[in-house]
Amino acid sequence: TYVERDADGNVVLEEERNRATRADAALRRIRDFDPVTGLPNRRRLLNDLPSWLRHTNQQTTLLMLRLDQQETLSGTVGLVALESLMAEAAARFEQHARENWQRPARLSDTRLVHIIPGIPETARISTIANDLLTSMRLPFYVEGKELSLSASIGIALAPQDGRNAEALIAAAESACRSAHEAGGNRFHFFSSELNAMALTKLGLQSELRRAMLHGQLELHYQPIVSGANHHICGVEALVRWNHPERGILLPEMFIEEVAQLGLSEELDRMILQQSCREACEWRDRHGSEITLSVNVSTRSFQFDGFPEMVRGILRETGLEPNRLELEIVESSALIDPGRALTTLDRLRAVGVRCALDDFGTGYSSLSHLRELPVDCIKIDRSFVDNVLTNPRDAAIVAATITLAHSLGLEVVVEGIETERQMQWFIRHEADRLQGFLFSAPVSRDELHRMLASREQWLARSNDGDMQGL
């Protein structure tokens, strides 16, 4: 076989192949990628999107972004500077991509596109879009000058808004144009129903941010009584939103938005600080050393610095650690049992008590009680409703109480609403009881009044009159 060599004896054919490979790669890059942003271009997007739709079985979200001031900018800063702005916008856009998303693409001179696998919940898509809008509002710099820009985003979902690439892009384009015409700096869904839901959630989230800044979130306290004598032995701190127009809002009306905004840890800190300070007031004003129970979000519980945060708040407020009981939802404690074990050990080293909340509704077995270092379990209210009517539930709850006691754990029962329920749990030796039979959650001032008249209040309960509780 003849092989051509140069004067030094090197194979010429191999070098030619390498040059051809590099030239082919350069050609593909010119053909498939935008030279300004480095993102896939329209041709590549239209080529990849059909296969992506097949891969996700049509369950796909397409998010389109355009800078609101693009037309004005082209006549003021010039085309070269405008391309520099688009390169920066594309870099910010790409920073928000998740690992399993397609890489963003530049659809045209003025539009960038994200393809998201599946159709996340409306709230999650809204959060993604809102984060992108926030990043676009950060200052841009062109030739040393600072520019304040904003963007519009259109969102389309496959298959409901389009079953092929052209239809889906057209739907996102329509939604993007609608957002821009509405004033920009916002996102719209192609679906009017989803768009209304998203705008409602976005408005609620904006209000919630203001509520946290202006102290509209406040604490109410629900008394917990001893199963032995009905004396108040503790309270559970429960957050409420004192909305200026809608009145008192319960957590289920806003707690999901707290998580979506990434404010769970901030809210937990606020609740702990405020409730611990007020628990010290109960001690100083009324001589009361009742236990304070506080719910802990899954996010805070998984935060490595949470035990130190608790220690710092106790030191700052002066509350005795053994008067604080942290309630951990059963399912969140078992997301990562090893990590949960470490966190619970660290919290108990601080001196606080730990309770497993909503016990029986998660996916754990009773055997986990032996492994997790908790002080008590809190039986979920769903079981309370059934112990009088469902023999199987009654047997499960009775066995759970017996097992917990054999492991040295206390049992708290929430959701007691009738005297028959109360008598059943007293008969089965539940340690603490909580529910509307004794008291609804009360304001800070009402709790002070109750604690101030504690002797008379408890005397009425000892006579069998539950109305005062």
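The values are calculated or read from the model by the stated rules, or taken from the named source; none is laboratory data. From a predicted model like this one, the values you see are computed outputs, not experimental measurements. So basically every Cβ, Gly included, is an ideal-geometry build from the backbone, and we count neighbours across all protein chains shown. The protein model used for the area step is the full one, side chains on, heavy atoms only, and it has no ligands, DNA or RNA in it. Shrake-Rupley method; radii C 1.70, N 1.55, O 1.52, S 1.80 Å.
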When residue 249 is evaluated against the numbered criteria (1) under 22 Å from residue 377 (Cα atoms); (2) in contact with a His (Cβ under 7 Å, 6 or more places away or on another chain), which criterion, by number, is the only one it fails? (1)
Within region 297-316, identify whether any single residue is modelled with pLDDT of 90 or more, open to solvent by less than 10 Å² (accessible area, probe 1.4 Å), β-branched (Val, Ile, Thr) and touching a Phe, Trp or Tyr at 6+ places or on another chain (Cβ under 9 Å), and answer yes or no. no
From the residues in region 244-264 that are free of Cβ contacts under 8 Å to residues at least 40 places away in the same chain and within 16 Å of residue 303 (Cβ to Cβ), which one is surrounded by the most Cβ atoms within 10 Å (Cβ to Cβ)? 264
Only one of 381, 339, 370 is modelled with pLDDT under 90, among the basic types (Lys, Arg), farther than 30 Å from residue 280 by Cα and within 27 Å of the chain's Cα centre (by Cα). Can you tell me which? 339
Pairs needed: first member in region 377-390, farther than 9 Å from residue 359 by Cα; second member anywhere, hydroxyl-bearing (Ser, Thr, Tyr) and surrounded by fewer than 19 Cβ atoms within 10 Å (Cβ to Cβ); C-beta distance under 8 Å; at least 6 residues apart or different chains. 382/361
Would you kindly identify the strands (runs of 3 or more DSSP E) lying entirely within region 200-289 that contain at least 2 residues that are charged (D, E, K, R)? 232-243
What is the residue count in region 113-137 for residues that are within 23 Å of residue 42 (Cα to Cα) and of a type outside the set (A, V, I, L, M)? 3
Looking for something among the acidic types (Asp, Glu) and assigned to a helix (DSSP H, G or I) - is there at least one such residue anywhere in region 119-130? no
Residue count, region 44-100 (criterion: open to solvent by 40 Å² or more (accessible area, probe 1.4 Å), farther than 23 Å from residue 129 by Cα and of a type in the set (Gly, Ala, Ser)): 3
Write out, first by first residue and then by second, each pair whose Cβ atoms fall under 6 Å of each other, whose residues are 6+ apart or on separate chains, and whose first residue, in region 87-107, is under 22 Å from residue 50 (Cβ atoms) while the second is open to solvent by 10 Å² or more (accessible area, probe 1.4 Å) and part of a loop (DSSP other than H, G, I, E, B). 106/34; 106/37; 106/41
